[in-house]
Structure formats: C-alpha cells, structure tokens
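Input: a single structure, listed below in structure tokens.
The values are calculated or read from the model by the stated rules, or taken from the named source; none is laboratory data. Owing to the predicted nature of the structure, the values given are computational and were not obtained by experimental measurement. Note: ideal-geometry Cβ built from the backbone for every residue, glycine included; neighbour counts use all protein chains shown.
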Amino acid sequence: MGPPQPPRRRPAPPRRTALGQPRQCARHTPRHAPGPDGLGPPPPPPDDQRSQGPGSGPPPQRHRDDIYPRLGLLDAQERLVVGTAPQPGGARLALRGTDGQTIGHLVLAPPQGVRSEADQTFLAQHLGFVAWTGLAGLALALLLSGWLARRWLGPVEALATGARGIAQGALHTRVPVHGNDELAQLARTFNTMAEQLSSIEASRRQWLGDVAHELRTPLAAMRAEIEAVQDGIRPFDDKTALRLHRQVMRLIQLVGDLRASLDAAGTSAPSAQVPVHPLSLLGEALASMRPRLAQAGIGVDTAGLDALAKQVPAPLVLGDAQQLHQVFLNLLENSLRYTDAGGRLQISAREVAAPSGAAHPQVLQVQLDDSAPGVPAHELPRIFERLYRAETSRNRDHGGSGLGLAICRAIVLAHGGTLVAEGSPLGGLRITLTLPLLDNTTP
C-alpha cells in the first residue's frame, strides 16, 4: 500500500448575487476562444439562444427603445461582423489598433420611429399644437413689427423728408406731430426751427426789398433831374445842382444808417466801458435839438427831468458816451419828424428798482412822450425793425430812413438796457429807455 492520500476537500458552492445568479471567480471562469477579429471573446449570443441552465433564471428583458439592438460591428473591410448593419443616417465610430490603423467600425442605426399607435397620436396632437402655436407667434410678430415700423420708422421718415425739404429751400415744410414722446418732441422742435427759418427768410427778403426801394427813390429823382437837363427841358442852374446834391446826401445818409445799424446789431458790448452821466448827455442832445423843435412849433416839457438831473450825486451808467448821445439824438429826431406842428414833447426820468435777478439793483428809466399822430397798436412791436415805418402816419415824406430806432435799440441792448414803444397819453408815441445804474455814484 502506498502512503495515505490526504482527504480531498469538496469545493465550496458558488456564492450567489443579489439577483440569484451565481458569481464566478476569475480563476474558475472558462476562457473562450478569440473572436473573429482575434482581439477577444465574441459577444454573447442573443437572449433567445442562451442556454437555459438550471438555476439561471429568465433572460433579462430589454426595452423596445434600447440602444443595443441598433449597434453593429464592422471589420476593416466594411463587412458586418455582428449586430445590425449600417443604415443611412446612422452614426459611425472608427476603431483603431495600437499601431493607429483602422481595424473596424462601430455603427449605430437610427431609431425606427414611433412604434405604438398611442405614441403616434400623442405626437400628432403635439405637432398640431406646435404648428398652430408657431403660426400664432408668426402672426403676432408680423403685427408687432408692422406696428413698431409705423410707430418708430414713420416719424423718422417724416423727419428725414422734412429735412430734405428744408435743405431744398421749402421752408414751409412741417412734419406731423403725434403723441408726447421723444419723437413727438423732436418733431415739434423741427417745426419750430422751420418756422424760425421761414421768418428769418421772410425778414431777409423784406429787408432787401426795403433797401432796394430806399435806394431806388433818390436814384430815380436824380435820373429824372439829369435827363431833364440833357433834354433841355430844365437848365442846369444852382437850383438843379442843389436838388441833385440833396438826393446824393440822402443816399449817403441811407448808406451810413445801414452801416450803423449793422454795426450796432453786431455790438455785444459798448466800445468804451467808462462811467458816464446819461442825463447830461440827454441834456446836450436836447439843447442841440431845441431850435429845430421850436421852429416846428413843438413844445418841450422837461419838468420830470430837471429834478433828477440836479440830483447830487448824479446817476451814472457804465458805457460809451458817444453811443448814448447818438441814442438820445435819434429819439429826439424821431419825435421831431413824426409829431404834427404845434404838438408837444414831454421828457421825464426816474430811478426805479431793477427786476429780480438783475446784476444791478437800480435802473435809470427815461420816457419820451409826444403828441399825435400815433402808431397803431399792431404795428408797435415792429417799429424797431430796420427800414420799417407805419405808413399811415410816419412815412418817407418826412425824410427818415427807417433805421434810427433800430440803431437805438441795438445800442441800448449792448449797454444791458431795454427800449420799449407803446402808446402815449398825449396821443402819440411813448419810448421808454432803461439803463442799469452803477452801485456807487459820484458827483
């Protein structure tokens, strides 16, 4: 007998997993033969071909939308190895070896669509809802875009059209205004600009026409005198020479007044900033005009001026004495020209408080009131315009150029004062002149 053999140990039964399937250990797992590509074991057989061994249980159930039935494996020559053949619209993934060469492809077929009637009905209902929703959204978008285009692009196009009209010289162009938003405010501003441009253009045309008329009148008189002498109708004597000289002087005065009015309008400040006595300048201008006023039979009342003129210290203003003297001369000349013989001129002056917010607390107020004829109320705002006259009473027959009051207003505005015209209690015109007084006055 040989040596006694050790007793054989009976192998332990395989442990089962939670699903009741036996779990094989790695050392007991049988090796399979290599697959067709030589890289590993072949894929497991389908569920219906698996062996139904004792204790193995039913095969696992796969969902109808599972991805595994749609997979397929191709070799390097595009031949199907296992799984589903490639189909149009499917996905493909190249498999490469360690040397970087393609050894096969993994393909995924596209889904076969909805498989149940309930799914098809559900999908059809939702597709109809989506279609109607899309159509409603499209209609709403079209309506909103049309409203926005009319709301925003319409006013912008109107403004562009109006701007082109203004650029082409159609100053009567206006744009419609709708609402109170920013575009409406822009349209109102555009219309205001167009009105101002139209007014400026009308004033320019009227001014040019008035200048041409003023120049044409003495030139026509001179032409008639010269032609009469040339035709032998009138001899060239001292009277003819005097008439021609008078017309030439009128032209010179008109050109000088035009130049003075333009210079005064462009003056933003007096040429000489020195303290001056305005009432003394007014007294000098009145003294030079008294002989002519007396010759015209116009009485002068200075009772309201003498008291302030004798005040110590005298009121002072900061400005140009020569320009202010010219203002007083022009105002007195205006009263002399446009007051009927036997009329009356009343001059008064006083110190009054300046409006709130003014740079100087006190202003000097000078008033000149003359008797008839007067100026209609609707023409009062225009008497300070260049070459303007109230033709019913104050016309060219008096020899004025229509520029004196315009020059006066420009000079007074340059001195920080005001010049206002209104009806006079005496039946003529009242001119009210205000000038800011200096804070500290000296005798």
Just a yes or no: is a residue in segment 388-396 under 29 Å from residue 320 (Cβ atoms), surrounded by fewer than 18 Cβ atoms within 10 Å (Cβ to Cβ), small (Gly, Ala, Ser) and at pLDDT below 80?
-> no
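Rundown of residues vs (1) exposed (fewer than 11 other Cβ atoms within 10 Å of the Cβ); (2) modelled with pLDDT of 80 or more; (3) under 25 Å from the mean Cα position of the chain (by Cα), yes/no style:
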residue	(1), (2), (3)
119	no, no, no
165	no, yes, yes
168	yes, yes, yes
175	no, yes, yes
190	no, yes, yes
